[in-house]
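Derivation of every value follows stated rules applied to the coordinates shown; laboratory data play no part. Since the structure is predicted, the reported quantities are computational estimates derived from the model, not experimental observations. Quick reminder, even Gly has a Cβ in these numbers, built from the backbone with ideal geometry, and neighbours come from all protein chains shown.
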Amino acid sequence: MTSHSTATDRDNLVPIALLSLLVGAVTGFIGALFRLGLEHADLARNALISWSYSLPVIGPVLIVLICAAAAGIAAWLVRRFAPRASGSGIPHTEAVLDATVRPPEAGIIPVKLVGGILSIGSGLALGREGPSVQIGACLGYFMGKIMRRPWPDCRVLIAAGAGAGLATAFNAPIAGAIFVLEELVRRFETQIAIAALGASATAMAVARIFLGDGPELHVESLDYHSALANIVFVLLGVCAGFVAIAYNRAILKSIGLIDGFKRRPIELRAAVIGGCVGLLAYFAPNLVGGGQTLAQHSIDGAYLPNVLVFVFLVRFILGPVSYAAATPGGLFAPMLVLGAQIGLLFYAAVHYFRPDIDVSASAFAVVGMAAFFTGVVRAPVTGIVLITEMTGSFTMLLPMLGACFAAILIPTLMGNPPIYTSLSLLDARTETVEIVTPPEP
């Protein structure tokens, strides 16, 4: 880089840094409203299910119809107003940053907000982080456009907004910034690092006004562990790596299966999935939705091992099927539920064969979340920092490091690509994608 370019970068740094703070603040505000909307939607769904029990015959039919309608409307909003708002939104954000698709349209933000609340509120096993990331990325782009910044600056703000969105979704500002560098741009860029840190910090400062402070998951205080225990955690990572391969394939198979019904409207396909989820919600309301409560219950030891196996299998199927509905919603939150359950099931097996290993079940759940996330996404640093911030379990850094090493090694050796790489390839096959140079704002 020439000295002139370096001077230009320095001249841009102050306005970009200031704009990133503004992008983060707005993202934190909207992200907090989105989370509150999801909480109220979950409460409304559970209240409706409880009320429906007083109607033995009509009750389950009503729940199925309401959940089907909510999922169908979410799919209609996507098709009618913002096709890019379907699914997670993270592959689209990556493509925008790589300049392989055009910048986001304005309709993505309201569709992600309303459609996300409808789809996740209907009980689909989808995460809040996908919509939050894409909303933040859109806000970053529009902020740059309003301020008449050139495309390179808009790109920095898009990345910063995306990181702020993840930070707001999980109350994890450091993970939000790291996610930008490790997953979205896949290299260290100084301007993006500065902007992502600033946006994530201000996003959380604003969001915590509405959401409060403290870790997302409450985990008992965990001690440091012996060398033998750390070896066991590496074996947990191996297990998580193999399950991650199966989960990635299940997501792609589910999407392929639903796409096989192309003659049926996308709204109808989403409504059918929503109706099936509604029927499950009627009989087992705790098994549906994003999974925050389910993850906490699993960590708290609310399920016996045989019940936990059943819950794990249900969620393993429910997540990919829900994502195939093509409504707004992410993959992270359902993955964390499965990761915690993998850790707990592995703990049960270890405790059966080696009861002398003095490690708590919660420790396995925490490490399992980081390992499974890493196996699916292949972003180990993001996974470790994210789970550490979500649980406050700083003593588990070394076990998580060993487990994530194994969890990323196994799928890589098996030739299984990261899930967002696979989803990006699917997008490329279903639409014409060419290198574009976004116009100057």
Taking just the C-alpha trace of the chain, give me its Rg and Dmax in Å.
21.3, 76
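With a Förster radius of 30 Å, plug the Cβ-Cβ distance of Ile58 and Thr293 into 1/(1 + (r/R0)^6) and report the FRET value to the nearest 0.05. Working shown, then result.
Numbers: r = 27 Å, r/R0 = 0.90.
So the FRET efficiency works out to roughly 0.65.
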Determine which residues of segment 262-283 fall in the zone a paramagnetic label at Leu65 would reach in this model, i.e. backbone nitrogen under 20 Å from the point 7 Å along Cα→Cβ.
267-283
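Can you tell me the length gained on complete extension of the stretch Leu413 to Asp300, counting 0.36 nm per residue apart and subtracting the Cα distance? Write down the numbers at each step before the final one.
Working: separation 113, 0.36 × 113 = 40.68 nm, distance 3.43 nm.
Difference between extended and current length: 37.2 nm.
Rounded to the nearest 500, what is the chain's calculated 222 nm mean residue ellipticity when only DSSP H runs of at least 4 contribute -39500 (n - 2.57) each, over all residues?
Values: 17 runs with 321 residues, N = 441.
That comes out to -25000 deg cm²/dmol.
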Mean-square fluctuation check for the chain, GNM, Cα pairs under 10 Å: which of Asn12, Asn416, Asn171 is largest?
Asn12
Over segment 1-128: Rg over Rh, Cα atoms, Kirkwood Rh:
1.17
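Using the Kyte-Doolittle scale, find the helices of the chain whose mean hydropathy is at least -0.5 and whose Cα atoms extend 30 Å or more along the helix's long axis, counting only whole DSSP H runs. Numbers along the way, then the final one.
Values: long enough: 3-52 (69 Å, 0.62); 58-81 (34 Å, 1.91); 190-211 (31 Å, 1.54); 227-259 (48 Å, 1.67); 332-353 (32 Å, 1.54).
Membrane-span-like by this rule: 3-52, 58-81, 190-211, 227-259, 332-353.
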Between beta-carbons, use under 14 Å as the cut-off and find the net charge around Tyr247, counting Lys and Arg +1, Asp and Glu -1.
+4
Using a simple spin-label model with points 7 Å from Cα along the Cα→Cβ vector, what separation in nm is obtained for Asp223 and Phe394?
2.0 nm
Say each of Arg148 and Phe283 gets a label point 7 Å from the Cα, pointing the same way as Cα to Cβ; how far apart are those two points in nm?
6.3 nm
